[in-house]
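Student: Can you keep this structure in mind? I'll have questions shortly.
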Amino acid sequence: MSAVSETTIKGGAWLIEEADAAAVMTPEKRTEEHVLIGQSAAEFIDGEVLPVAARLEQKDWALNRELVKKCGALGLLGTNIPETYGGVDLDKISTLIVSEQVSRYASFGATFGAQANLTILPIFMFGTEAQKRKYLPPLIAGDLVGAYCLSESGSGSDALGAKARAMKQADGSFVLSGEKMWITNGGFADLFIVFAKVDGEQFTAFIVEKAWPGVSTGKEEHKMGLHGSSTTPVILQDVKVPADAVLGEVGKGHKVAFNVLNFGRFKLGAMASGGAKAALGEAAKYAAARKQFGVAIATFGAIKHKLGEMTAREYGLESMMYRTAGLIDAHIAAAPDTKADDAAPMLKALEEFAVEASIAKVLGSEVVDYIIDENVQIHGGNGFVKDYPAEGHYRDSRVNRIFEGTNEINRLLIPGMLMKKALKGELALIPAAKQLQDEIMSPSMSLPDDTEGVLVDERRACGAFKKVVLMVAGTAMQVYGQKVEQEQEVLTYLADLVTDAYTAESAVLRAIDATNRKVQDASLHVDAASVFTHEAAGRVELNARAALAAMADGDVLRTQLAALRRLLKVTPANTVAMRRRLADATVGKGGYLFA
Ligand SMILES: Cc1cc2nc3c(=O)[nH]c(=O)nc-3n(C[C@H](O)[C@H](O)[C@H](O)COP(=O)(O)OP(=O)(O)OC[C@H]3O[C@@H](n4cnc5c(N)ncnc54)[C@H](O)[C@@H]3O)c2cc1C
């Protein structure tokens with residue numbers, strides 16, 4: 001691996017390059033502007049949303065609309081949109097910070113996401129100038145509410161299998177018919193981004209106004225959670241749609257759908273991170289207050305283990321999110337001269353980091369589920385009743401693994417997209433895997449030897465995780481060739497390997513940087529990164545062994561397993577003591593320790 005700083009601003013490049021801790025974006029490097037937008041969003045959620053959550057749970061959609069409007073007035077809906085269209089044009093780190101805050105009430109997070117990510121963004125990225133000028137200012141102000149209609153009862157993951165039709169008329173207009181399913185904001189939206197097939201074939205996106213004859217919505221779904229968010233079918237019965245309502249190009253609806261999902265997935269990671277921190281705060285406070293056997297339950301090792309592990313996993317997620325946001329921002333900033341209103345640099349950056357966005361989605365939704373589950377457990381019986389918020393978070397969080405592409409689909413996309421980049425020559429994975437294979441065959445295979453500074457073993461482990469990814473990916477490409485996409489189990493193992501490699505490295509680089517910059521509680525950063533990495537080492541070994549055993553046997557497998565053992569020779573660390581320190585500090589603070 002070449003020792004270059006994080007200057008190769010390419011998706012997946014981290015896998016074959018060594019990053020410089022100082023170059024990686026972390027929460028500790030937030031600017032004053034970032035802090036201010038975060039405060040503004042936090043005050044809005046604490047002051048305006050959380051106090052009325054019970055009314056929202058009763059489906060008071062007029063109130064929900066009012067809150068969307070207040071959000072608009074604060075500039076929170078247009079963080080990614082240029083001022084020309086009513087936005088405030090901030091960077092992706094600001095978007096991440098706002099998303100973390102709004103998701104502290106998950107139902108409002110869903111309402112917000114459908115507006116900001118799923119309606120405003122596609123119009124900005126694919127709309128004509130006239131569409132942008134007409135729709136973006138009222139959407140960003142919250143005067144209009146939007147919804148995104150991709151799924152149908154028969155086509156969720158297989159979104160391109162939609163049955164909705166758009167029959168082209170002689171005057172260039174279209175007549176839309178079909179039924180969309182599970183549409184967030186359906187019950188009170190004014191505007192829908194609808195996907196339908198022109199003449200039954202060309203998958204296309206349209207902007208459809210609720211007021212147009214033939215548009216209606218069905219009954220609210222009876223959901224497990226997110227009761228404060230509207231989810232309905234959207235029915236299109238011979239809706240006459242003008243020619244200029246096409247969003248993007250006829251037959252290019254997949255571009256709209258997939259690019260919107262790329263950013264949606266990144267933002268879902270951010271929302272999950274915000275929800276996870278909120279639950280961790282509840283768990284810490286409850287553990288400090290609840291007494292059993294005459295002492296606070298926070299003093300028990302078993303509870304400390306939970307709080308320490310929750311902190312370490314959130315630290316990994318948060319580090320990965322900020323690193324990715326920094327990379328996306330850097331990619332946009334490096335775009336050659338473009339007009340300020342041009343969406344192309346953002347679109348390109350989101351495409352470039354689609355792998356990382358899928359990692360954010362999968363990791364975020366699983367970290368938040370883990371933390372929310374442990375929050376219920378720490379609350380004991382009180383975690384199972386509605387008097388405490390832990391129960392509601394548990395129900396609200398579950399859908400994160402289902403929408404914005406299920407975690408199964410995203411797991412397939414992670415290695416799938418990396419391999420495609422490799423085959424197109426956009427990422428030098430194949431030569432790196434080949435070089436590694438030669439090393440593996442040599443009994444004197446050298447390991448990265450970095451012995452200075454903090455987290456030496458962990459940094460070495462991160463280098464090894466990346467090599468394990470190359471080893472498994474290289475083997476899969478060699479064994480299966482073009483048919484690799486049919487090998488879902490191996491791809492799923494690979495996705496988890498890639499996720500652990502990226503996340504552990506992001507956490508370790510952040511902790512090293514925090515130490516170098518002497519930030520407050522730097523030693524706790526080191527503990528969190530170390531716990532994450534040591535846990536990841538166990539997962540990496542299991543996933544790699546299972547994947548390799550599916551692809552080889554006999555002497556080849558034995559050689560590979562021997563190489564794996566040599567690579568993953570991670571000296572165990574006292575993670576019990578580290579988790580205890582993290583837990584005690586979390587309880588002392590009454591919430592998540594870091595950002
Ligand atoms: C609360 C809520 C809000 C939503 N909001 C919106 C919205 O605003 N707009 C919108 O368009 N949609 C929305 N959805 C729909 C959501 O995006 C879909 O439910 C999701 O994409 C999954 O599709 P599905 O339900 O048809 O499941 P299916 O696609 O039927 O999947 C069922 C299972 O099979 C697995 N599976 C499917 N295909 C494959 C494959 N090729 N390989 C391996 N496994 C596979 C899945 O991972 C899953 O585990 C929402 C859903 C919910 C519950």
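Student: Placing +1 on the Cβ of each Lys and Arg and -1 on the Cβ of each Asp and Glu in the chain, which of Val454, Ala41, Ile402 has its Cα farthest towards the positive end of the resulting dipole?
Tutor: Going by the Cα projections, it comes out as Ile402.
Student: While we're here: For all pairs of alpha-carbon atoms in the stretch 135-187, what percent lies in each bin of width 10 Å, listed from the first bin to the last filled one?
Tutor: 22, 34, 36, 8
Student: Still on this structure: Test of understanding: what is the full-extension gain from Asp158 to Val456, defined as 0.36 nm times their sequence separation minus their Cα-Cα distance?
Tutor: 102.8 nm
Student: Considering amide H positions built from the backbone, and no H for Pro or chain starts, which residues 5 or more places from Val145, or on another chain, come under 5 Å of its amide H?
Tutor: Placed amide hydrogens put Asp190, Leu191 under 5 Å from Val145.
Student: Let me ask something additional. Give the lysines reachable from Lys70 as a straight Cα distance under 28 Å; neighbours fewer than 8 places away on the same chain don't count.
Tutor: Those lysines meeting the cut-off are Lys59, Lys92, Lys132, Lys134, Lys210, Lys219, Lys223, Lys267, Lys277, Lys361.
Student: A further question on this structure: Decide, for the stretch 318-468, between rounded, prolate and oblate: order the square roots of the alpha carbon gyration tensor eigenvalues as a ≥ b ≥ c, take rounded if a/c falls under 1.5, and otherwise choose prolate if a/b is larger than b/c, else oblate.
Tutor: oblate
Student: Output the antiparallel fraction of DSSP beta bridges having both residues in the stretch 145-213, as a percent to the nearest 5.
Tutor: The answer is about 70 percent antiparallel.
Student: Which loop-located GluC sites (Glu not before Pro) does the stretch 447-522 contain, where loop means any DSSP state but H, G, I, E or B and the Cβ has at most 14 other Cβ atoms within 10 Å?
Tutor: Glu452
Student: Can you show me the helix-derived [θ] at 222 nm for the chain, built from DSSP H runs with n ≥ 4 at -39,500 (n - 2.57) apiece and divided by the number of residues, rounded to the nearest 500.
Tutor: Counting only the DSSP helices, I get -18500 deg cm²/dmol.
Student: So what is the relative contact order of the chain, in percent, for Cα pairs below 8 Å that sit 6 or more residues apart?
Tutor: 15
Student: A follow-up question, please. Give me the extension gain from Tyr480 to Lys589: residue separation times 0.36 nm, minus the current Cα-Cα distance, reported in nm with one decimal.
Tutor: Going from the current span to full extension adds 34.1 nm.
Student: Let me ask you something else. Which trypsin sites (Lys or Arg not before Pro) from the stretch 166-263 combine a DSSP loop assignment with at most 14 other Cβ atoms within 10 Å?
Tutor: Taking the stretch 166-263 and a limit of 14 other Cβ atoms within 10 Å, the loop trypsin sites (Lys or Arg not before Pro) found are Lys219.
Student: So for the chain, Kirkwood radius off the Cα pairs, Stokes-Einstein at 10 °C and 1.306 mPa s: how many µm² s⁻¹?
Tutor: After rounding, the answer is 64 µm²/s.
Student: Let me ask you something else. Pairing the Cα long axis of helix 354-378 with the longest principal axis of the chain, what angle in degrees results, from 0 to 90 and rounded to the nearest 10?
Tutor: The helix 354-378 is inclined about 80 degrees to the chain.
Student: Give me the net charge for the shell around Asp527: Cβ to Cβ below 12 angstrom, other residues only, Lys and Arg +1, Asp and Glu -1.
Tutor: Net local charge, Asp527 excluded: -1.
Student: Compute the distance in nm between two label points, each set 7 Å from the Cα along the Cα-to-Cβ direction, one at Val556 and one at Ser177.
Tutor: So the two model labels end up 5.5 nm from each other.
Student: Could you order the peptides 184-191, 577-584, 528-535, 59-66 from most to least packed, using the average number of other C-beta atoms within 10 Å per residue?
Tutor: Descending mean neighbour count gives 528-535, 184-191, 577-584, 59-66.
Student: What FRET efficiency, computed as 1/(1 + (r/R0)^6) with R0 = 45 Å and r the Cβ-Cβ distance, is obtained for Val35 and Ala302, rounded to the nearest 0.05?
Tutor: Approximately 0.80, to the nearest 0.05.
Student: Would you calculate the convex hull of the Cα atoms in the stretch 1-138 and tell me its volume per residue in Å³?
Tutor: Taking only Cα atoms, the stretch 1-138 has a hull volume of 132 Å³ per residue.
Student: What fraction of the DSSP beta bridges in the stretch 64-211 is antiparallel, stated in percent and rounded to the nearest 5?
Tutor: Antiparallel: roughly 70 percent of the beta bridges in the stretch 64-211.
Student: Next question, about the same structure. Which three lengths, in whole Å and largest first, does the stretch 424-543 cover when its Cα atoms are put on their principal axes?
Tutor: Here the spans come out as 50, 31, 28 Å, largest first.
Student: How big is the charge dipole of the chain about its Cα centre, in debye rounded to the nearest 20, if each Lys and Arg gets +1 on its Cβ and each Asp and Glu gets -1 on its Cβ?
Tutor: With Lys and Arg at +1 and Asp and Glu at -1, about 820 debye.
Student: Please work out how much length the chain gains when fully extended from Leu50 to Arg133, using 0.36 nm per residue of separation minus the C-alpha to C-alpha distance, in nm with one decimal.
Tutor: Here the segment from Leu50 to Arg133 would lengthen by 26.6 nm.
Student: Please work out, to two decimal places, the log10 of the ratio I(q)/I(0) at q = 0.12, 0.13, 0.17, 0.19 Å⁻¹ from a Debye calculation in which every Cα of the stretch 105-251 carries one identical scatterer.
Tutor: -0.44, -0.52, -0.91, -1.15
Student: Find out how many positive minus negative residues lie around Leu436, taking Lys and Arg as positive, Asp and Glu as negative, among other residues whose Cβ is under 10 Å from that of Leu436.
Tutor: +1
Student: Over the Cα atoms of the stretch 493-595, what Rg and Dmax result, in angstrom?
Tutor: 16.8, 54
Student: Which trypsin sites (Lys or Arg not before Pro) from the stretch 359-414 combine a DSSP loop assignment with at most 13 other Cβ atoms within 10 Å?
Tutor: Lys386
Read-outs throughout are calculated quantities, based only on the coordinates presented, and are distinct from any laboratory measurement. Keep in mind the model is a prediction, meaning the values are calculated, not measured. Heads up, the Cβs are rebuilt from the backbone with ideal geometry, glycines too, and the neighbour counts pull from every protein chain shown.
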